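Inspection log for the structure reproduced underneath, given as structure tokens.
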Amino acid sequence: MELEDIWKGTVESTADKNRFKYHQIVTGPDFAEKADIALIGFCCDEGVRRNNGRAGAAKAPDAIRAALAKMPWHGKEAALCDYGNVSCQDNRLEEAQDELAEKVSEAYGQGSHTVILGGGHETLYGHYLGLRLHLGSEASIGILNIDAHFDLRPFDVESSSGTMFRQILEEDQNAGYFVIGIQRFGNSRSLFEAAGEFDVDYLPEETVRQSDPAQLSRRIQSFLGQYDAVIVTLCMDVLDMAAAPGVSAPSPFGLEPASVRAIIRASCSHPAVRSFDISEVNPDVDEGGRTVRLAAALTNEAILSFLGRAPEM
Ligand SMILES: N=CN[C@@H](CCC(=O)O)C(=O)O
Ligand SMILES: [Mn+2]
Ligand SMILES: [Mn+2]
């Protein structure tokens, strides 16, 4: 489907910006030079397939765009530009991740905040490569992952949606990793051991529930403050499966949507955070479109936070 057919919805007014929807704000790639926010889709579920998960996330970018298109625009005057999709062809995951990296780096080069609509969580690896390409090897990069899983699996055979953070931490001395929302029974004991070996900072889902918002925000801010630049990546399976059934590996004790919203607000309003990806939405196994709708709502939160809304936790 063409981008202009996806960014569609009802029009309440063509003049009064207080009645605008997203589809009236978003432009095509021709306006990239002036973009405050650059949107990039990553149509890929090869990483999920290799990880023996439920494929379907390749359809998520267009589904999330269509849901976002109908939402009211509450941001200040801003330019949002859609760079279109990078698609994985014939199982060539690494090539697709490199292509995503080029686009992300280009968007960084234009000075835009970048929002990537995944894709399986292998999206994050292309996202990270794009920032590294832009910054060079010396700058420090922090990655804040909102996820039920560590994604620290060995990749001796091949990389997948479960290996990205081991890939990054093994090859990059200037990268740090913090994951929020870990499910004890969503990860094997060996993955907890791997987290210990790599000295990964993490907050289990139960700790997130017990933390008061100010405490959680302080913990997030202290991580963000350590790096030259930070990526925020949201693996939608961190959410409770009642709210997000449309993922490869649903979480029975996942976080509430409002908690994830608060984490996004607290992180994406920090000046070190320049990009966000939303991954693992699978429209094929969604129920009534609720995961897609929630994904669009959380993407809206990241965008408004990038545009300078005051943190609300
Ligand atoms: N992206 C990560 N996926 C999880 C899947 C866990 C599961 O299938 O339960 C992982 O590899 O750990
Ligand atoms: Mn996950
Ligand atoms: Mn993940």
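Scanning region 81-123 for residues that are touching an Asp or Glu at 6+ places or on another chain (Cβ under 6 Å) and over 18 Å from P29 (Cβ atoms) turns up C88, N91, L93, G118, G120, H121, T123. Of all residues in region 138-150, how many are in contact with an Asp or Glu (Cβ under 8 Å, 6 or more places away or on another chain) and either within 14 Å of ligand 3 (Cβ to nearest atom) or open to solvent by 10 Å² or more (accessible area, probe 1.4 Å) (or both)? Of the residues in that region, 6 qualify. Say we look at region 151-171 and pick out the residues that are near ligand 1 (Cβ under 7 Å from one of its atoms) and within 20 Å of P204 (Cβ to Cβ); which of these is most open to solvent (accessible area, probe 1.4 Å)? Going through the qualifying residues, I end up with R153.
Scanning region 114-129 turns up no residue that is in contact with a helix residue (DSSP H, G or I) (Cβ under 6 Å, 6 or more places away or on another chain) and more than 28 Å from L307 (Cα to Cα).
Condition check for L255 on (1) among the aliphatic types (A, V, I, L, M); (2) in contact (Cβ under 8 Å) with a residue 60 or more places away in the chain; (3) surrounded by fewer than 19 Cβ atoms within 10 Å (Cβ to Cβ): one failure, at (3). Quick check on region 32-45. Is at least one of its residues over 21 Å from G119 (Cα atoms), in a loop (DSSP other than H, G, I, E, B) and touching a helix residue (DSSP H, G or I) at 6+ places or on another chain (Cβ under 9 Å)? Among the residues of region 32-45, at least one is over 21 Å from G119 (Cα atoms), in a loop (DSSP other than H, G, I, E, B) and touching a helix residue (DSSP H, G or I) at 6+ places or on another chain (Cβ under 9 Å), which makes the answer yes.
Of everything in region 51-66, what is part of a loop (DSSP other than H, G, I, E, B) and of a type in the set (K, R)? Give them in sequence order. Please lay out each step first, then the result.
If we filter region 51-66 for residues that are part of a loop (DSSP other than H, G, I, E, B), which is where we start, we get 51-56.
Across region 51-66, the qualifying residue is only R54.
Has region 81-90 got any residue that is open to solvent by less than 50 Å² (accessible area, probe 1.4 Å) and among the acidic types (D, E)?
For region 81-90, residues open to solvent by less than 50 Å² (accessible area, probe 1.4 Å) and among the acidic types (D, E): present.
Pairs linking a residue in region 219-238 that is more than 20 Å from S279 (Cα to Cα) to a residue that is within 13 Å of ligand 3 (Cβ to nearest atom), with Cβ atoms under 8 Å and 6 or more positions apart or on different chains, are I220/L144; I220/I180; F223/L144; L224/L144. Does P204 meet the test of being open to solvent by 40 Å² or more (accessible area, probe 1.4 Å), modelled with pLDDT of 95 or more and either at positive phi or within 16 Å of ligand 2 (Cβ to nearest atom) (or both)? Spelling it out, P204 is indeed open to solvent by 40 Å² or more (accessible area, probe 1.4 Å), modelled with pLDDT of 95 or more and either at positive phi or within 16 Å of ligand 2 (Cβ to nearest atom) (or both).
Kindly provide the set of residues from region 169-199 that are away from ligand 3 (no atom under 13 Å from the Cβ) and among the hydrophobic types (A, V, I, L, M, F, W, C), ordered by number.
Initially, region 169-199 is screened for residues away from ligand 3 (no atom under 13 Å from the Cβ), giving 169-176, 178, 184-185, 188-190, 192-199.
Result: L169, A175, F178, F185, F192, A194, A195, F198.
Being in contact with a Lys or Arg (Cβ under 8 Å, 6 or more places away or on another chain), within 16 Å of ligand 3 (Cβ to nearest atom) and either closer than 10 Å to I64 by Cβ or modelled with pLDDT under 95 (or both) is the filter here, so list the residues in region 276-305 that pass it. Within region 276-305, L298 is the sole residue that qualifies. What residue, among those in region 210-252 that are within 16 Å of ligand 2 (Cβ to nearest atom) and open to solvent by 60 Å² or more (accessible area, probe 1.4 Å), is farthest from L117 (Cα to Cα)? Of everything passing the filter in region 210-252, P252 is farthest from L117 (Cα to Cα).
The values are calculated or read from the model by the stated rules, or taken from the named source; none is laboratory data. Fair warning: this is a prediction, and the values are worked out from it, not measured in the lab. Quick reminder, even Gly has a Cβ in these numbers, built from the backbone with ideal geometry, and neighbours come from all protein chains shown. Accessible surface areas use protein heavy atoms only, side chains included; no ligands, DNA or RNA. Shrake-Rupley method; radii C 1.70, N 1.55, O 1.52, S 1.80 Å.
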